[in-house]
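The values are calculated or read from the model by the stated rules, or taken from the named source; none is laboratory data. In this text the structure is predicted, and so the values were computed from the model without any measurement. Cβ coordinates were reconstructed from backbone atoms using ideal geometry, including for glycine residues, and neighbour counts include every protein chain displayed.
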Amino acid sequence: MHLRLSPQDAAFQQRMRAYFTTEFPRELRHAAAAGQQLTPEDIRRSQSVLNDAGLAVPAWPTSWGGQDWSPLRMHIWNSEMRAAGVLPPLPFNTSMVGPVIAAFGSEELKARFLPQTASLEIWWCQGFSEPDAGSDLASLRTTAVRDGDHYVVNGQKIWTTLAQHADWMFALVRTDPAAPRKQAGISFLLLDMRSEGVTTRPIRTLDGDVEVNEVFFDDVRVPADQLVGEENKGWDYAKFLLGNERVGVADTGLIKLWLTDLKDHARQVRRGDGTLLDDPAVAVRFAELEAELMAIELTAVRVSGSSSDGRPDPASSILKLCGSQLQQDVLELAIDVAGPMALSWEHLEAVPGWASSSVPTYLNYRKATIYGGSSEVQRSIVATSILGLKG
Amino acid sequence: MHLRLSPQDAAFQQRMRAYFTTEFPRELRHAAAAGQQLTPEDIRRSQSVLNDAGLAVPAWPTSWGGQDWSPLRMHIWNSEMRAAGVLPPLPFNTSMVGPVIAAFGSEELKARFLPQTASLEIWWCQGFSEPDAGSDLASLRTTAVRDGDHYVVNGQKIWTTLAQHADWMFALVRTDPAAPRKQAGISFLLLDMRSEGVTTRPIRTLDGDVEVNEVFFDDVRVPADQLVGEENKGWDYAKFLLGNERVGVADTGLIKLWLTDLKDHARQVRRGDGTLLDDPAVAVRFAELEAELMAIELTAVRVSGSSSDGRPDPASSILKLCGSQLQQDVLELAIDVAGPMALSWEHLEAVPGWASSSVPTYLNYRKATIYGGSSEVQRSIVATSILGLKG
Amino acid sequence: MDFTPTDEQHALAQAVSGALRRHGSPASTRGETAAPPAHDAALWRALVDIGVPGLAWPEDDGGVGAGFTDLAVAATEVGRSGMQVPLAETVVAGSLVRALAPDDLRREVLGGLTDGSLLPVPALAEPLRAWSTTTSDVTATSSDQGWTVRGTKAPVRYAPAATHLVVTATTDDQLALFVVAQPSATTEEVDLDDEPATLLAQGETAEVALREALAIGGVVLCAEAVGAMDEALRLTTDYLRTRTQFGRPLASFQALTHRAADMYARLELARSATLFAAMVADEQPLDSDALLRARVVVDSAARLVGQEAVQMHGGIGVTAEHPVGHLTARLTSISRTWGDRRSRLSDLGTRIADHPNVPILR
Amino acid sequence: MDFTPTDEQHALAQAVSGALRRHGSPASTRGETAAPPAHDAALWRALVDIGVPGLAWPEDDGGVGAGFTDLAVAATEVGRSGMQVPLAETVVAGSLVRALAPDDLRREVLGGLTDGSLLPVPALAEPLRAWSTTTSDVTATSSDQGWTVRGTKAPVRYAPAATHLVVTATTDDQLALFVVAQPSATTEEVDLDDEPATLLAQGETAEVALREALAIGGVVLCAEAVGAMDEALRLTTDYLRTRTQFGRPLASFQALTHRAADMYARLELARSATLFAAMVADEQPLDSDALLRARVVVDSAARLVGQEAVQMHGGIGVTAEHPVGHLTARLTSISRTWGDRRSRLSDLGTRIADHPNVPILR
């Protein structure tokens, strides 16, 4: 056990900080923190810049651009990136499909997809969820039937995040409907979103955003060489991917950014002769959330550090569970900081955007405990895999 | 809908208040509120006095001493009794076995037991729980085998409250082990605790009290005329009884007394130049608990008022659920009011008893959400009977 | 004390829910966001036609003279419908006018509110200023021509549709209440540029009246929240019964059904507190602390029921197309209207030493 | 930053748990109540023999010179065992002596603490006085003969066994810290009747030293709590696996297993915060706010784990015969030692505006 960063890690931290705060293009920073949305073009450019600097896919194998960093360095990289207001690389590309292709794809697939996946020349979306499956991912019904050197895909995906911007989708499809278990008979397929028969329908969320979509497949022909790994082994690859996703979701850097901003906002709100941040009841709430954030961040460092075989520790479930809860708690405090201003969503001259967006943002982030494996799913994983509580 | 008590109910309230505060023996009052325990003799005398005044068994049929009061009057009676620091009648007698005998017992049983049950000449204990049953009450294994005009009882009960003071027990026993469902084949038997073969072993609780016991039956011969109702129909009578118990447990009068006392205690604790009750964080907690208490008390009046067929509304489960939680919340605040003084259980000259007993009392009352149908059982009742959520 | 609704109240509930269904549609059916909607004049007119906005006002003032228990019944149906109307707002504005305005203004406003010709709402919140009922950055000045008020009120719900605003402002370091007629705002921001105003009251009188009016408006919000929670719980239990996951209905997952039971329990406590508050609101002198306590109970239920209803619905819970998230959005706003849980508890906390306990029977 | 325990620390943990098992027995096996037990000299001696009480003190002062990460490892085993020893108490007293006492007194006390000949504990709490680190009703007076202190300290854990008390007292309206030797209390109430005392520090110096000593003592309490929670969760999951209800193991009831998962999650956060706090405690200048944050995290875990462990055990959870309730009792006390959750958060709250965020890497 030791507390201090080694001189090498401290130098690494300085290098990251210097890069993100001085070298990375200023106009692409802070936008996300200030509540503005980057345009899709900005997002592509941001990741391309990161990739050029070797900072887009550090967790990948070194032969495909990875850095072979320790979990601690991964954490430092993410923290410094977030603290500087730099958008992290698109998780669908770098935490999800990239590692799967790198681990299970053929050399052809790797060469064809990994470079453009790292640079975001290909924007990926995730085709896992289906309307009748929900948390029971493996009960998916989209089919892929082999027809010569193609698969013909029919069915529907839902909750496909940013599908409207995506070039390609990685999808779970059922290739053997007769398989003995629902987890068997699933394959992992890559498909071009411009293929004939693909229709995307946006789903509006409560806050008015369009972030998720339904995607329909009507006799979509997918070349068979876009299958990752073996046919009917897709569930194994999906589990590998979901573990990575869980670790990725414990994005404490983002929560830290939110909390720092929120303190600034509280300081802007007058209360008597002082500000809302002087209100002991509000200050206590900040203190509570800061303590919680500290514990989650420490756990992220501690848990990721303890997994040695490259597969995520099932303890990463607690990062998703507690991290998403903390996100929601921070956004709930944001409503209270906005106070009476939270009651209008209109853009009013006298009311800052952070205040009028506090309720819609809070409502939107109720998704945090639902997507990426709901809190209920995480609790079941902990109960079963860690505590050995099998019904 | 109307708010005010009718002139008749207001007069009733005045009558109750006058009786409990001026006529009821002063030396038997307030003892419980002040944290002192009444002796068993005091408890018997207290109930006997109430019974003489017609105030021990108001919910019973009028032919056996009941008063035919409206649910509102029942609530007024209980509130005024509690507010005056008078111990309510022993629930095992008046809310449990009494109503069962009155509803399902033969005329002989009624005449033999009801008067002495009302006056506490017979002190009853409840023989329901068993070591291997827990919340699954119906899986009980104590057997009663018919032998001529007796039943021979073998087995064990546990968590038998105040069995050490009890004269008689009402017990659930298995009379038909071959019954198709575990709920069938159970009978409701009355037995003399001085019978040969009855052994009582006290169970010490964390706080050092002996309140609950194990009771062992070794070939205990029980006259067959002490069976209530029909053989193998005991589960029906038990369900009737458990519903009554739930309503009885929402004893908001007791919680109100605790909260009033706790405010006085907070006023005794100095903080800076003021008292702990001036601490805004503490005051907020009192305000929260008072609001909660108000809502539960109102619900008790509203729900009991809406049941017309004499059987408790399944909504009474929420009174048990929320009432026991509130009890625990009040006792947890009591620890915080005691502050550093809570850390010793010793009787110290400089530390008041309410402070040194705060932690043991809190620990003891963790039972509140366990006994009388645990919170889990109540949630299942609500989910199944009210919300129609059947697995 | 009796919580049983009268036959008239059952009929009123039916009339209100019928009018809502016939004359409006919830945002979810139109696929709109959960943003607080603008005033729907046609929907409001339908409620005026069956007398809802006038229920609480005395017949002498042009009102219906029914009282707050009836108004609560109506508000619960509004909450259940997923639609929004300025009922609580007009109750706050109307209460202040009733308590403080001279006879002619009182009859004009309450009569106009009842017959639908006027829409008075309160304008209290100020930008970048924590909620307060005792201070205001808006200033009022008196001259020979009468009073004028200057400053910004925002956000003011229903401001573009309002015919009258009841505003707080500071005069000589005192809080004062004014009526501003014809505010002509185009957004929920009201910029008062030396606007002529009628003084209602100053100092202690104004503060007491404001506290009472907000407490009474809070009863309407509580009732609306109970309706919204009823509907959110109904949708949730329906969903648990019909949605299957892992080959069986969600209703077979105890982790969910036990949480649904907790939702029900909190809702029933909130219902009791709300019905009680409605009855208390009809009494003088007003026990405004009882109303605050009801809001605290309803707040805590609204938070649990709203959050759990969305969580148990999963993804569709946060979409604009499904009603459940809209109900949660409304519950979120209700809890933050005219203070929040923290401000209410802290307010009650300052008086906690004044009573040994809280009696409910009276 | 590295959380991995060293081989030495594994060995230390085994040595401590072995010593505890050989020389003591938890209250539950003796069927005793959950009352905080008196000092067990034999058990303490066993820990002295393997060097535990001296782990944190410099070798120059007669200590072992190992530091707080090792001490935390030992304290976790104490917590797991269900037994209680004055480890946190001697750390607070020892820290004050280390920071403030003249050389000879420092070496005497820390050396004596390490070799088991002395037992210094803090005497801070005062009857009917809310927790405070800045005020005291005990008064100190100086004369030619030196200082004397007068007043009552209660309760003082381990007072009857203590050889030295470190007490707070007021001098000229300042807080001061004193050492009282040979206090000879027979209960946990210490009545100081113009007792001779050695001044350690006054004013700001005393307040800072006290705050830091309590923060460091808090690390020991956190570590003990983690051990107690480990054991409470182990007992609970064992129980869920083995106990059957309604014909199947409790582990098949999702309402219970999901709550057990929450217990685990909170425990793991508490573990991370505690290990971090132990490492921070070895650094100068002391970041005592980081230690306070760890206590806040541990408090919230202790409450959940303690309460849920009892609830899931049902009736036996509140009996003196079963260990789980004793662990809950200890967790309850730990959270209330030297302040409570409210006082810690309010303390942190006063400094919340001083930093934009809380960095963990250093």
Output for the range A:375-391, where each listed residue is closer than 14 Å to D:L267 by Cβ and touching a Leu at 6+ places or on another chain (Cβ under 6 Å): A:A383
Among the residues of the range B:350-363, is any within 14 Å of chain C (Cβ to nearest Cβ) and within 20 Å of D:G315 (Cβ to Cβ)? no
Scan of the range C:1-23 for residues that are away from every other protein chain (no Cβ under 13 Å), surrounded by fewer than 21 Cβ atoms within 10 Å (Cβ to Cβ) and either of a type in the set (A, V, I, L, M) or under 19 Å from the mean Cα position of the chain (by Cα) (or both), ordered by number: C:A11, C:A15, C:S17
I want to confirm something. Restricting to the range B:330-349 and keeping residues that are over 20 Å from B:D279 (Cα atoms) and at the interface with chain D (Cβ under 7 Å from one of its Cβ atoms), which single residue is surrounded by the fewest Cβ atoms within 10 Å (Cβ to Cβ)? B:E349
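Going by the structure shown, is B:V145 more than 17 Å from the chain's Cα centre (by Cα), assigned to a strand (DSSP E or B) and free of Cβ contacts under 8 Å to residues at least 60 places away in the same chain? Step through it out loud before you land on a result.
Details: more than 17 Å from the chain's Cα centre (by Cα): yes; assigned to a strand (DSSP E or B): yes; free of Cβ contacts under 8 Å to residues at least 60 places away in the same chain: yes.
Here the answer is yes, as B:V145 does meet what is asked.
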Any residue in the range C:171-190 that is at positive phi sitting within a Cβ distance under 9 Å of a residue that is in a strand (DSSP E or B) and at pLDDT 95 or above? List the pairs, counting only those 6 or more apart or interchain. C:D172/C:Q202; C:Q182/C:H164
Scan (1) of a type in the set (K, R); (2) within 30 Å of A:P202 (Cβ to Cβ); (3) touching a residue at least 24 places away in the same chain (Cβ under 8 Å) for the single condition C:R45 breaks and write down its number. (2)
Give the range A:132-155 a look and list any residue that's surrounded by fewer than 20 Cβ atoms within 10 Å (Cβ to Cβ) and at pLDDT 95 or above, or say none. A:R141, A:T143, A:V145, A:R146, A:D147, A:G148, A:D149, A:H150, A:V152, A:N154
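Here is a yes/no grid of residues against (1) within 14 Å of chain D (Cβ to nearest Cβ); (2) surrounded by 22 or more Cβ atoms within 10 Å (Cβ to Cβ); (3) under 19 Å from B:T361 (Cα atoms):
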position	(1), (2), (3)
B:E196	no, no, no
B:P202	yes, no, yes
B:F217	no, yes, no
B:V220	no, yes, no
B:A224	no, no, no
B:K233	no, no, no
B:D236	no, no, no
Looking only at the range C:103-112, decide whether some residue is closer than 24 Å to C:A154 by Cβ, crowded, with 22+ Cβ neighbours inside 10 Å and within 21 Å of the chain's Cα centre (by Cα). yes
Can you tell me which residue in the range A:296-305 is surrounded by the most Cβ atoms within 10 Å (Cβ to Cβ), limited to those that are within 7 Å of chain D (Cβ to nearest Cβ) and either β-branched (V, I, T) or without any contact (Cβ under 8 Å) to a residue 24 or more places away in the chain (or both)? A:T299
When you scan the range D:283-362 for helices (runs of 4 or more DSSP H) that lie fully inside it, which ones turn up with 1 or more residues that are within 13 Å of chain A (Cβ to nearest Cβ) and more than 25 Å from D:P37 (Cβ to Cβ)? D:288-313, D:341-349
Would you check if B:A83 is more than 27 Å from B:L191 (Cα to Cα), without any contact (Cβ under 8 Å) to a residue 12 or more places away in the chain and out of contact with any Ser or Thr (no Cβ under 8 Å at 6 or more places or on another chain)? no
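Quick grid of which residues meet (1) under 14 Å from D:R129 (Cβ atoms); (2) at pLDDT below 95; (3) in contact with a helix residue (DSSP H, G or I) (Cβ under 9 Å, 6 or more places away or on another chain); (4) outside the structural domain of B:H30 (by TED's automatic domain parsing):
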residue: B:H265; (1), (2), (3), (4): yes, no, yes, yes
residue: B:L276; (1), (2), (3), (4): yes, no, yes, yes
residue: B:A283; (1), (2), (3), (4): no, no, yes, yes
residue: B:A287; (1), (2), (3), (4): no, no, yes, yes
residue: B:E292; (1), (2), (3), (4): no, no, yes, yes
residue: B:A295; (1), (2), (3), (4): no, no, yes, yes
residue: B:V301; (1), (2), (3), (4): no, yes, yes, yes
residue: B:D313; (1), (2), (3), (4): no, yes, yes, yes
Note down all Cβ pairs under 8 Å where the first residue falls in the range C:284-313 and is without any contact (Cβ under 8 Å) to a residue 12 or more places away in the chain, the second is of a type in the set (G, A, S), and they're at least six residues apart or on different chains. C:Q311/A:S374; C:Q311/A:S375; C:Q311/C:G317
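Taking the condition within 8 Å of another protein chain (Cβ to nearest Cβ), assigned to a helix (DSSP H, G or I), within 28 Å of A:F240 (Cβ to Cβ) and in contact (Cβ under 8 Å) with a residue 60 or more places away in the chain, does A:V382 pass?
Considered against the rule, which asks whether it is within 8 Å of another protein chain (Cβ to nearest Cβ), assigned to a helix (DSSP H, G or I), within 28 Å of A:F240 (Cβ to Cβ) and in contact (Cβ under 8 Å) with a residue 60 or more places away in the chain, A:V382 comes out as yes.
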Only residues that are hydroxyl-bearing (S, T, Y) and either touching an Asp or Glu at 6+ places or on another chain (Cβ under 8 Å) or on the phi > 0 side of the Ramachandran plot (or both): list them for the range A:185-203, please. A:S187, A:T199, A:T200
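Within the range B:115-136, is there a residue that is under 30 Å from D:V324 (Cα atoms), part of a strand (DSSP E or B), charged (D, E, K, R) and not assigned by TED's automatic domain parsing to the domain that holds B:V57?
Start the filter on the range B:115-136 by keeping residues that are under 30 Å from D:V324 (Cα atoms), which leaves B:125-136.
If we keep only those that are part of a strand (DSSP E or B) as well, we get B:125-127.
Filter once more, so that each one left must be charged (D, E, K, R): none.
Checked against the condition, which is being under 30 Å from D:V324 (Cα atoms), part of a strand (DSSP E or B), charged (D, E, K, R) and not assigned by TED's automatic domain parsing to the domain that holds B:V57, the range B:115-136 yields no hits at all.
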For the range C:134-142, indicate whether the set of residues that are among the hydroxyl-bearing types (S, T, Y), part of a loop (DSSP other than H, G, I, E, B), at negative phi and touching a residue at least 60 places away in the same chain (Cβ under 8 Å) is non-empty. yes
Over the range D:104-133, the set of residues out of contact with any Pro (no Cβ under 7 Å at 6 or more places or on another chain), farther than 14 Å from D:V179 by Cβ and not in a loop (DSSP other than H, G, I, E, B) is D:G111, D:D115, D:R129
Please specify each residue of the range C:218-250 satisfying the condition of being of a type in the set (S, T, Y) and assigned to a helix (DSSP H, G or I). C:T236, C:T237, C:Y239, C:T242
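If I filter the range D:30-41 down to residues being more than 8 Å from every other protein chain (Cβ to nearest Cβ) and in contact (Cβ under 8 Å) with a residue 60 or more places away in the chain, which single residue comes out as surrounded by the fewest Cβ atoms within 10 Å (Cβ to Cβ)? Step through it out loud before you land on a result.
Looking only at the range D:30-41, we keep the residues that are more than 8 Å from every other protein chain (Cβ to nearest Cβ), and these are D:30, D:32, D:37-41.
Right, trim to in contact (Cβ under 8 Å) with a residue 60 or more places away in the chain and you get D:32, D:38-39, D:41.
Working: D:E32: 17, D:A38: 14, D:H39: 18, D:A41: 12.
Among them, the one singled out is D:A41.
Any idea how many residues of the range D:124-152 are small (G, A, S) and within 12 Å of another protein chain (Cβ to nearest Cβ)? Give the derivation first.
Within the range D:124-152, the first condition is being small (G, A, S), and the residues that meet it are D:125, D:130, D:132, D:136, D:140, D:142-143, D:146, D:151.
If we keep only those that are within 12 Å of another protein chain (Cβ to nearest Cβ) as well, we get D:125, D:130, D:132, D:136, D:151.
Residues in the range D:124-152 being small (G, A, S) and within 12 Å of another protein chain (Cβ to nearest Cβ): 5 in total.
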Counting just the residues of the range A:262-286 that are surrounded by fewer than 20 Cβ atoms within 10 Å (Cβ to Cβ) and assigned to a loop (DSSP other than H, G, I, E, B), which one comes out farthest from the other protein chains (Cβ to nearest Cβ)? A:D273
Given the structure, is B:W69 among the hydrophobic types (A, V, I, L, M, F, W, C), at pLDDT below 95 and not assigned by TED's automatic domain parsing to the domain that holds B:F128? yes
